[in-house]
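**Q** Take a look at this one; I'll ask things after.
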Amino acid sequence: MTRLVPTSADDPAVLTEQLRRALDGGPALGLGMLGDQPEAAPDGTAVVIGTSGSTGIPKRVVLSGEALRAGAEATAARVGEGRWLLALPGGYVAGLQVLVRSILAGTEPVVLSGAFSPTAFAEATLTNLRADAADQLYTSLVPAQVAALLAAIDEPGVRAALQVYRAILVGGQALPEVLREQAADAGVHLVRTYGSTETSGGCVYDGIPLDTVNVRAVDGELRIAGPMLADGYLGDPTLTDLTFERDERGIRWYRTGDLGFVEDGIVRVHGRADNVIVSGGINVSLDRVEQIVRRVPGLTSAVVVGVEDDRWGEASVIVAVRGEALRRSEAEQLEHARDAVAAEIGKHARPARLVLVDELTTLPSGKPDRDAIGHLAAQLR
């Protein structure tokens, strides 16, 4: 067994040094651990990430140094290597992988300190440029950050900062198509990533698995194999056995819990298998509804949640930030979204309401806090 050291991600410089030692066989790091802190982890462990995720189910994901290296090396093979900007918490896998990639590339990451803002991003990018003009620049963001940057693209320095990156990895949740198009029009190179803590971060880029990754769909569920898979869940062999399984050839697969399919080598994700409501006796995927709603102008960052409904049993509700409605009334915006959903899925899937808020509650990882947003939508009936 390997000693497990409780670790804070508050100081990225300290975390980077601790991570460097962990990758070289030093004590394993316990990040964001929940409840009692175990004293040991399996041999070979570099990091254990404790997370409740967006589903609220506590997990302690065991990542070996081999898995973290494999993920970072596969990324470098796909997009290149250079100097990274850390704009996400280091205690979550997307931020942690920025540090791993920097360590393997022999560069020091520049840290965006304080609250994220377009101005802070532009200033940190300028610092990164000054560090070594010969290095290619990279960063990793979540869609909400991308939306904020594109909304402020005409502010001093923001457009130039975005354009200087060879690749901006975007993950954590689906990237709305309208944001991808806006970025492309502005000359910004976004790379949509798909993965999870259990895969050491993103392992499918723009729908194409990284070179060492295999993806297949079994009964509509996406499964992933590759050297970057987690060893399992610390102290929970039952969940480990349910989530990771070997096929008849001995290949180990991670059951993602995501619905999707693979066609002509392209991975297409439809959403979580468990993010479904039953409305009027018909199953409705909230992720699929959300994907359609986010194509509606003014609703690109909206979240769709399920609530109890006296007539249909359950119904979907759109929760969006006030001020993004593009001069449309709330009723007009809702009708536009309902028409779009009906055209692609059917009338049974149309959202029942639109709730406007000053800001969407998020998790520390930057993902929407769907539990909190769902509770709010249920209260505002």
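**Q** Can you pull out every residue in region 181-238 that is in a loop (DSSP other than H, G, I, E, B), more than 17 Å from the chain's Cα centre (by Cα) and within 30 Å of residue 297 (Cα to Cα)? Explain how you work it out, then say what you get.
**A** Pass one, region 181-238, residues in a loop (DSSP other than H, G, I, E, B): 186-189, 200, 206-207, 210-213, 219-220, 226-231, 234-236.
Imposing the further condition that a residue be more than 17 Å from the chain's Cα centre (by Cα) reduces the set to 186-189, 211-213, 219-220, 226-227, 231, 234-236.
Answer for region 181-238, where residues must be in a loop (DSSP other than H, G, I, E, B), more than 17 Å from the chain's Cα centre (by Cα) and within 30 Å of residue 297 (Cα to Cα): 186, 187, 188, 189.
**Q** Can you name the condition, by its number, that residue 161 falls short on among (1) under 20 Å from the mean Cα position of the chain (by Cα); (2) over 23 Å from residue 51 (Cβ atoms); (3) not charged (D, E, K, R)?
**A** Answer for residue 161: the failing condition is (1).
**Q** Within region 319-370, take every residue that is among the polar types (S, T, N, Q) and within 25 Å of the chain's Cα centre (by Cα) and give me the one that is farthest from residue 142 (Cα to Cα).
**A** Restricting to residues being among the polar types (S, T, N, Q) and within 25 Å of the chain's Cα centre (by Cα), the top hit is 361.
**Q** Counting only residues that are of a type in the set (S, T, N, Q) and not in a strand (DSSP E or B), which one in region 239-256 is surrounded by the fewest Cβ atoms within 10 Å (Cβ to Cβ)?
**A** Out of the qualifying residues, it is 240.
**Q** A further question on this structure: If I ask for residues that are surrounded by fewer than 18 Cβ atoms within 10 Å (Cβ to Cβ) and in a helix (DSSP H, G or I), which ones from region 160-177 would you list?
**A** 160, 163, 177
**Q** Answer yes or no as to whether residue 107 is crowded, with 17+ Cβ neighbours inside 10 Å and either at positive phi or part of a loop (DSSP other than H, G, I, E, B) (or both).
**A** Spelling it out, residue 107 is indeed crowded, with 17+ Cβ neighbours inside 10 Å and either at positive phi or part of a loop (DSSP other than H, G, I, E, B) (or both).
**Q** Checking residue 259 against (1) surrounded by 20 or more Cβ atoms within 10 Å (Cβ to Cβ); (2) at pLDDT 95 or above, which single condition isn't satisfied?
**A** Answer for residue 259: the failing condition is (2).
**Q** Based on what the data block shows, is residue 142 within 28 Å of residue 360 (Cα to Cα) and either outside the structural domain of residue 302 (by TED's automatic domain parsing) or touching a His at 6+ places or on another chain (Cβ under 8 Å) (or both)?
**A** Here the answer is yes, as residue 142 does meet what is asked.
**Q** So, of the residues in region 136-154 that are among the hydrophobic types (A, V, I, L, M, F, W, C) and assigned to a strand (DSSP E or B), which turns out to be farthest from residue 369 (Cα to Cα)?
**A** Among those that are among the hydrophobic types (A, V, I, L, M, F, W, C) and assigned to a strand (DSSP E or B), it is 137.
**Q** Still on this structure, I have one more. Name every residue in region 264-291 that is surrounded by fewer than 16 Cβ atoms within 10 Å (Cβ to Cβ) and either polar (S, T, N, Q) or farther than 16 Å from residue 194 by Cα (or both), in order of residue number. Please lay out each step first, then the result.
**A** Let us first name the residues in region 264-291 that are surrounded by fewer than 16 Cβ atoms within 10 Å (Cβ to Cβ), namely 264-266, 268, 274, 278, 280-283.
Passing the criteria: 264, 274, 278, 280, 281, 282, 283.
**Q** If residue 270 meets every condition in (1) assigned to a helix (DSSP H, G or I); (2) touching a Gly at 6+ places or on another chain (Cβ under 8 Å); (3) without any contact (Cβ under 8 Å) to a residue 24 or more places away in the chain apart from one, which number is that one?
**A** Residue 270 satisfies every listed condition except (1).
**Q** Shifting gears a bit: Hey, among 267, 319, which residue is in the same structural domain as residue 369 (by TED's automatic domain parsing) and at pLDDT 90 or above?
**A** Every option except 319 fails the conditions.
**Q** For the structure I just gave you, tell me whether residue 280 is on the phi > 0 side of the Ramachandran plot and touching a residue at least 40 places away in the same chain (Cβ under 8 Å).
**A** Details: on the phi > 0 side of the Ramachandran plot: yes; touching a residue at least 40 places away in the same chain (Cβ under 8 Å): yes.
The answer is yes for residue 280.
**Q** Still on this structure, please answer the following. Within the set of pairs 6+ apart or on separate chains, which have a first residue in region 222-239 that is hydroxyl-bearing (Ser, Thr, Tyr), a second that is at pLDDT 95 or above and not in a loop (DSSP other than H, G, I, E, B), and C-beta atoms under 7 Å apart?
**A** So the pair list comes out as 233/61; 233/62; 233/240.
**Q** Okay, moving on. Any idea how many residues of region 187-237 are closer than 20 Å to residue 61 by Cα and of a type in the set (A, V, I, L, M)?
**A** Applying the first criterion (closer than 20 Å to residue 61 by Cα) to region 187-237 yields 193-204, 213, 222-237.
Filter once more, keeping what is of a type in the set (A, V, I, L, M): 204, 213, 222, 224-225, 228-230, 234.
Qualifying residue count for the region: 9.
**Q** Quick one: how many residues across region 307-355 are surrounded by fewer than 16 Cβ atoms within 10 Å (Cβ to Cβ) and touching an Asp or Glu at 6+ places or on another chain (Cβ under 7 Å)?
**A** Adding up the residues that qualify gives 2.
The values are calculated or read from the model by the stated rules, or taken from the named source; none is laboratory data. What you see is a predicted model, and the numbers here were worked out from it, not measured in a lab. Backbone-built Cβ (ideal geometry, glycine too); neighbour counts: all protein chains shown.
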